[in-house]
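Reading through the structure tokens given below for one structure.
What follows is calculated from the coordinates using simple rules that are stated; it is not laboratory data. Computed from a predicted model, the values in this text were never measured in an experiment. Don't worry about glycine lacking a Cβ; one is built from the backbone with ideal geometry, like all the others, and counts go over all protein chains shown.
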Amino acid sequence: MSEKAQFKTKLGLIAATVGSAVGLGSVWRFPSEVQSNGGAAFLLVYIACVFILGIPVMLAEFSIGRSGGSDAVGSFRNLAPGKKWWLAGALAILTSYLILCYYIVVAGWTFEYMWQSITGHLYEPIAAGASDLGAQFSTRMSEYITDDINPLIHTYIIIALNLVILLFGVQKGIERLSNILMPMLFVLLLAFCFVSLSLPKASEGVEFFLKPDFSAITPSVVIRALGQAFFSLSLGMGVLITYASYFPKDTRLIKTSFSVSTSVIFVAFMMGMIIFPAVTSFGLQDHALNGPTLVFATLPQVFEQLPYSQLWSALFFLFLTVAAITSTISIAEVSIAFMQDRCHMSRKAACFTVLLPLFVLSTICSLSQGSMSSVTICGMTIFDLFDYVTANIMLPIGSILLCVYLGWVAKKQLFKDQLTNNGSLTAHSYRIVLFIVRYIAPILIAGILISSFINNE
């Protein structure tokens, strides 16, 4: 087998890892949580959860990946030979692949809206004389998502883009693209923030976002903040284990985890600074700021009322497409690494083996929003089922298993060696991190798991 791939530069390492974590969830889940749970109060709890839960669990995944030096399954096999802990890695790979099946569909939606923005078709009236912008964009969103043909075309485009990028490998594909796209993403964020803050009544939106309502904080809100921190950092998907296996031995894991986590917080904060001033300025603050409705209906209303509507709309959906692609390539890499390391496939064969089935599986997910919407399991479409099972069951269980392994089964020295680069660095926080991984994180993640069942009843 060829030598294990590695990230070439520290900047590329950070860019790729941040790209894996910054996804669509930061755009359409975070604003809804802030709106419903006390504004800045939720933001502060979320930040605390990132540092209390997110960073320690991220360090645990980094440690397993770099010390194991392989894919999610192979790392556990190398660290615990003859034991069944490799099943935790297998669960992470299965979870990430199921997520990829529907995530690529959503990425296709953003690509279509970017194209519609560029051509101007997004702002053409659906019905002659129609004056209600909200109804217009909601109708357009519904008609597009439930259509059988157009979403499939754009889903296939995203699959093809992923295939091309991933065929180039870790350095020439993932790292090189991340070095280009992540700076672009942050520049776009800053540009939109500037525009949003220059709008009339922007200060009212900023006040809502940054003025905390601590009376809104309840145990349920804390659990939701924990869930947001958990999912926004891509924990439990095998991505961080896989990427850590590409880390050079001198990579400072603690520093890297802080860089990635603070970048994710920054993106979430900037989205708040963009969305809340914008929707307040145009009287849309009472609209539900969640999911596809926010992205594909509410925000186009905002862009339509701005000068150069097409430009800002095209740039925004370019931003979303960039975020989606950096996430999908990282999720796909989890399975590709498995095929290379466990099945001894070439890079080319692994890429085709992982991505070609998506032409069938993602098709099913897409059609479940349209002509196959009547096909349900437990009252959910295939798309919704994949989303629910992975986010609410598989990810938390996988993360609990990871914490139990590193906190209780693996030798303490393994974790310490990884955090200190085999003693060459000092890590005063090691005992605190180990305590959190052992005791705090499993309990908190179990809370997320239990809460998901309660809320679904």
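Annotation note: trypsin sites (Lys or Arg not before Pro) in segment 37-142 located in DSSP loop regions with a Cβ neighbour count of at most 10 within 10 Å are Lys84. With 26 Å as the limit on Cα-Cα distance, the pairs of Lys4/Lys348; Lys249/Lys411; Lys255/Lys348; Lys8/Lys83; Lys10/Lys411; Lys10/Lys83 that go past it are Lys255/Lys348; Lys8/Lys83; Lys10/Lys411; Lys10/Lys83. When restricted to Cα atoms, segment 10-456 yields an Rg and a Dmax of 21.4, 71 Å, respectively. Measuring between their Cα centroids, segment 399-426 and segment 142-186 lie 35 Å from each other. Of all segments of the chain bounded by chymotrypsin sites (Phe, Trp or Tyr not before Pro) found in a DSSP loop with no more than 15 other C-beta atoms within 10 Å, the longest spans 1-167.
Normalised by 2.2 N^0.38 Å, where N is the number of residues, the C-alpha radius of gyration of segment 1-123 stands at 1.39. Under the criterion of Cα pairs below 8 Å and six or more residues apart, the relative contact order for the chain equals 34 percent. With a simple spin-label model that places each label point 7 Å from the Cα along the Cα-to-Cβ direction, the separation between Asp213 and Lys4 comes to 5.0 nm.
In whole Å, what is the distance between the alpha-carbon centres of segment 261-288 and segment 1-38? The two parts, judged by their Cα centres, are 19 Å apart. Our note on the geometry: Cα centres of segment 96-126 and segment 319-341, 18 Å apart.
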